[in-house]
């Protein structure tokens, strides 16, 4: 969306006022924020639909597990969690979508092609750069397809506002892979 350049006659005749121009530009910013939220939601939806996701154990029974009920694998320690956050942050800040795509594990790359990923990530620049990120907590989603699924939650500071980042992991035995990530700014503050 581009800003409309109003000619001087329209402004002088009262057709367009400076207040209405500000209001229109403000609405355009809100629309861009909603587009970003839709894109990020679409990415997670594609991954979840592709997995036919629902929380079940390997026998097919429903599972309700809270963060406290499932221990986190010992080999994913605080250093690993920090490295995961840093790697996603660096790839995101590089604006190299192929690098960001390559952080995703084989499971997700099987479901989502690089071209589909690029389409889904269009417009992500509205968040700005991710200046800082810090691990907050983990969440156990359940067992699916022979693995344990977790979400790592981070608080993040973007150049256009404070927000969050979450990274979904799939753990099988002593191996893990990133299934997806979600980035969000609570309120755009510095958007131009």
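Pick from 168, 110: which is out of contact with any strand residue (DSSP E or B) (no Cβ under 7 Å at 6 or more places or on another chain), more than 24 Å from residue 31 (Cα to Cα) and modelled with pLDDT of 90 or more?
Result of the check over 168, 110: 110.
So, residue 179, is that one part of a strand (DSSP E or B), buried (at least 20 other Cβ atoms within 10 Å of the Cβ) and either touching a strand residue (DSSP E or B) at 6+ places or on another chain (Cβ under 7 Å) or on the phi < 0 side of the Ramachandran plot (or both) or not?
yes
Determine which single condition residue 84 fails, assuming it passes every other condition in (1) closer than 30 Å to residue 30 by Cα; (2) modelled with pLDDT of 90 or more; (3) surrounded by 14 or more Cβ atoms within 10 Å (Cβ to Cβ).
The one condition residue 84 does not meet is (1).
Out of curiosity, is residue 184 part of a strand (DSSP E or B) and in contact (Cβ under 8 Å) with a residue 40 or more places away in the chain?
yes
For region 113-135: of the residues being exposed (fewer than 14 other Cβ atoms within 10 Å of the Cβ) and touching a strand residue (DSSP E or B) at 6+ places or on another chain (Cβ under 9 Å), which is farthest from residue 172 (Cα to Cα)?
131
Being exposed (fewer than 11 other Cβ atoms within 10 Å of the Cβ) and modelled with pLDDT of 85 or more: is that true of residue 94 here?
Judged against the criteria, residue 94 is not a match.
If you scan region 141-162, which residues turn out to be assigned to a strand (DSSP E or B), closer than 18 Å to residue 105 by Cβ and in contact (Cβ under 8 Å) with a residue 24 or more places away in the chain?
Answer for region 141-162, where residues must be assigned to a strand (DSSP E or B), closer than 18 Å to residue 105 by Cβ and in contact (Cβ under 8 Å) with a residue 24 or more places away in the chain: 141, 142, 143, 144, 147, 148, 149, 150, 152.
The values are calculated or read from the model by the stated rules, or taken from the named source; none is laboratory data. Worth saying up front: this structure is predicted, and the values here are computed from it rather than measured. Note that each Cβ is placed from the backbone with ideal geometry, even for glycine, and that neighbours are counted across all protein chains shown.
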